[in-house]
């Protein structure tokens with residue numbers, strides 16, 4: 001696996017495979033616009049406000065990303 005996301009105490013940790021070992025990273029290599037902090041915030045939102053509300057908020061967040069606009 002080139003990238004692993006681990007959830008621990010409502011926080012997402014991202015690990016990237018570097019040679020034979022995994023190193024911690026604040027940014028996803030697969031999704032460079034996603035940080036561990038952003039993913040964690042939407043995870044907590046889902047826990048507090050519900051999955052649907054969090055999913056809607058995440059889709060809106062994606063639409064507002066400059067690199068998503070053409």
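None of the figures in this text is laboratory data; all of them are computed from the coordinates on show. Because the structure is predicted, anything quoted here is derived from the model rather than measured. Note: ideal-geometry Cβ built from the backbone for every residue, glycine included; neighbour counts use all protein chains shown.
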Q: Give me 23, 38 ranked fewest to most by other Cβ atoms within 10 Å of their Cβ, as a rough exposure proxy.
A: 23, 38
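Give the order of 12, 27 when sorted by the count of other beta carbons within 10 angstrom, beginning with the fewest. Show your work: numbers first, answer last.
Details: 12 20, 27 14.
Fewest to most other Cβ atoms nearby, the residues stand as 27, 12.
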Q | Anisotropy class of the chain from Cα gyration tensor, a/c 1.5 cut | A | oblate
Q. By how many degrees, 0 to 90 and rounded to 10, does the Cα axis of helix 36-49 deviate from the longest principal axis of the chain?
A. 40
Q.
Can you compute the modelled spin-label distance between residue 43 and residue 61, with each label point 7 Å from Cα toward Cβ, in nm?
A. 1.2
Q) Over region 3-68, what is the relative contact order in whole percent, taking alpha-carbon pairs under 8 Å and six or more residues apart? A) 20
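In terms of the Cα gyration tensor, with a ≥ b ≥ c the square roots of its eigenvalues, is region 15-56 rounded because a/c is under 1.5, prolate because a/b exceeds b/c, or oblate? Please list the in-between numbers first.
Values: a/c = 3.60, a/b = 2.77, b/c = 1.30.
Cα axes put region 15-56 in the prolate bin.
Provide 15, 8 in ascending order of the number of other Cβ atoms located within 10 Å of each residue's Cβ, fewest first. Intermediate results must be reported in sequence, preceding the final value.
Details: 15 17, 8 8.
Arranged by neighbour count, lowest to highest, 15, 8 become 8, 15.
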(Q) If the elastic network links every pair of Cα atoms under 10 Å, which of 14, 48, 39 fluctuates the most in the Gaussian network model of the chain? (A) 48
**Q.** Cα-based helix-to-principal-axis angle, 51-63 vs the chain, degrees rounded to 10
**A.** 80
Q | Sum of -39500 (n - 2.57) over DSSP H runs of 4+, divided by residues of the chain (222 nm, nearest 500) | A | -12500 deg cm²/dmol
